[in-house]
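In what follows, a structure is listed as C-alpha cells, so that the remarks can point back to it.
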2 protein chains.
Amino acid sequence: MTAEARDRETRKADTLAMLGTPAIDVWVATASATGAPHLVPVSLAWVDERVVIAVEATSVTARNVTASGQARLAVGPTRDVVMIDAVLEETVDVAADDALGAAYVAQADWDPRRDTGYVFLVLRPVQVQAWREANEIAGRTLMRDGSWLV
Amino acid sequence: MTAEARDRETRKADTLAMLGTPAIDVWVATASATGAPHLVPVSLAWVDERVVIAVEATSVTARNVTASGQARLAVGPTRDVVMIDAVLEETVDVAADDALGAAYVAQADWDPRRDTGYVFLVLRPVQVQAWREANEIAGRTLMRDGSWLV
C-alpha cells in the first residue's frame, strides 16, 4: 500500500514544513578524522535556511564538526525522510547571539542558555533529499551545491 | 510530562523487543577514510544478537563499513532510542547463505535476494545504549565491549 510518489514541489513544501515543526529532532551524523562515525539525536531549529543545533562544546559532535566542517542530517521517520548534507557555517556560544538564541528557543522545546558549555552549530545545507518509500528515490534531490532545484 | 526513568532491566527488555520488531528500520551512520559522514535508513533484522542489513555492494555504506569495519546505528524514534556501536563481522552475498537470507526475510518487509548486487552486512554490537528523555541519560549503557551489563 505505497502512496503515489509526490512531485518535487510538494516534497519541497513538505520538507520546509517538517524543518519548521516545533520541538522536532534531527539525527546528526559526523565523523572523526580517523573515520569513526558518530550519530546523535538533538533538537533542531530552522533559522534563515540554516539548521541550528545546540550541543556541548566538548561533545563528540562538536569536535567532529569543528574539525571536518561537515555533517549529514536526517529529519523525520525512516519512511518520510529529509536527508541533508551540510557544512559548518559558524559555531556560536549560546549566550553570545541573542537573536539566534531567541530563534532557537522559539522552535526547540528547551533552552540551552540555561546550562553552561553549550554552543550553537549553524549548519548550511548543500544537498537536500526527501523521500518516503522506494518509489520516491527517483527525484529525491531537492537542493544541490547549496541551491534549490525546485 | 516526562515519564519516570526505566530501570536497566526494563530498558534491555524494551531494546530486545524493539530490535525484533517486524519491518523495523535502522539508521546506519558510517564514515569514509577521509572523515566524510554518511547516514541512511535501511531495514533491520536481528539475528543471533547481530544486526543484519542488506545494502548494494557498491553503496557508500557498504564501502565505508568494509573499509573501516565499524558503524553506529540508531533504532527507534529520537525520543525512544537504541544506539548501537557495531563492528563488521562479515559481508555475505545475499544469495550465498540460505539460513541468513531466510532469517532476514522473516523480519524485514522486502527480499533483497530478488535484486542483484546486494550484500548482507552482519554487524556485531559492541556498545548498546537506550534512552527516552534526558532523565534516562544516566544508566543508558546496556552493553559495553560486547558484553551485556544487565
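What to note about this one:
- Per residue solvent-accessible surface (Å²) - chain B, probe of 1.4 Å: 45 Å²
- GNM remark for chain B: springs join alpha carbons under 10 Å apart, and the peak mean-square fluctuation among B:Val92, B:Val122, B:Val26 falls on B:Val92.
- The range A:1-51: Cα Rg divided by the 2.2 N^0.38 Å rule of thumb: 1.52
- Helix-only [θ]222 nm of chain A, DSSP H runs n ≥ 4, -39500 (n - 2.57) each, per residue, nearest 500: -6000 deg cm²/dmol
- A:Ala33/A:Asp115 FRET efficiency (R0 30 Å; Cβ-Cβ; nearest 0.05): 0.60
- Taking one quarter of the surface of the C-alpha convex hull of the range B:30-75 gives a mean projected area of 3.3 nm².
- Take A:Gly69, push a point 7 Å out from Cα through the beta-carbon direction, and compare it with the same point in every other copy: 3.1 nm, smallest first.
- Separation in nanometres of the label points that stand 7 Å from Cα toward Cβ, at A:Asp7 and B:Asp93: 4.4 nm
- Interface size, chains A and B: roughly 2200 Å² of accessible area buried, both sides included, 1.4 Å probe, rounded to the nearest 100.
- Across identical copies of the chain, B:Pro22 has label-point separations of 3.7 nm, listed in ascending order, with the point defined 7 angstrom from Cα along Cα→Cβ.
- Here the mean projected area of the convex hull built on the C-alpha positions of the protein assembly as shown is 15.7 nm².
- Comment: the Cα-to-Cβ extended label point of B:Ile137, at 7 Å, lies 3.8 nm from its counterparts in the other copies, nearest first.
- Compactness index (Cα Rg / 2.2 N^0.38 Å), chain B: 1.05
- Both radii were evaluated on the Cα set of the range A:47-116; the Rg over Rh quotient, with Rh as the Kirkwood radius, amounts to 0.96.
- Carbon/sulfur fraction of accessible area - the range A:1-49, other protein chains in place, 1.4 Å, %: 56 percent
The values are calculated or read from the model by the stated rules, or taken from the named source; none is laboratory data. This one's a predicted model, so the numbers in the text were calculated from it and none came from an experiment. Cβ coordinates were reconstructed from backbone atoms using ideal geometry, including for glycine residues, and neighbour counts include every protein chain displayed. Please note that ligands, DNA and RNA were not included when accessible areas were found on the heavy atoms of the full protein model with its side chains. Shrake-Rupley method; radii C 1.70, N 1.55, O 1.52, S 1.80 Å.
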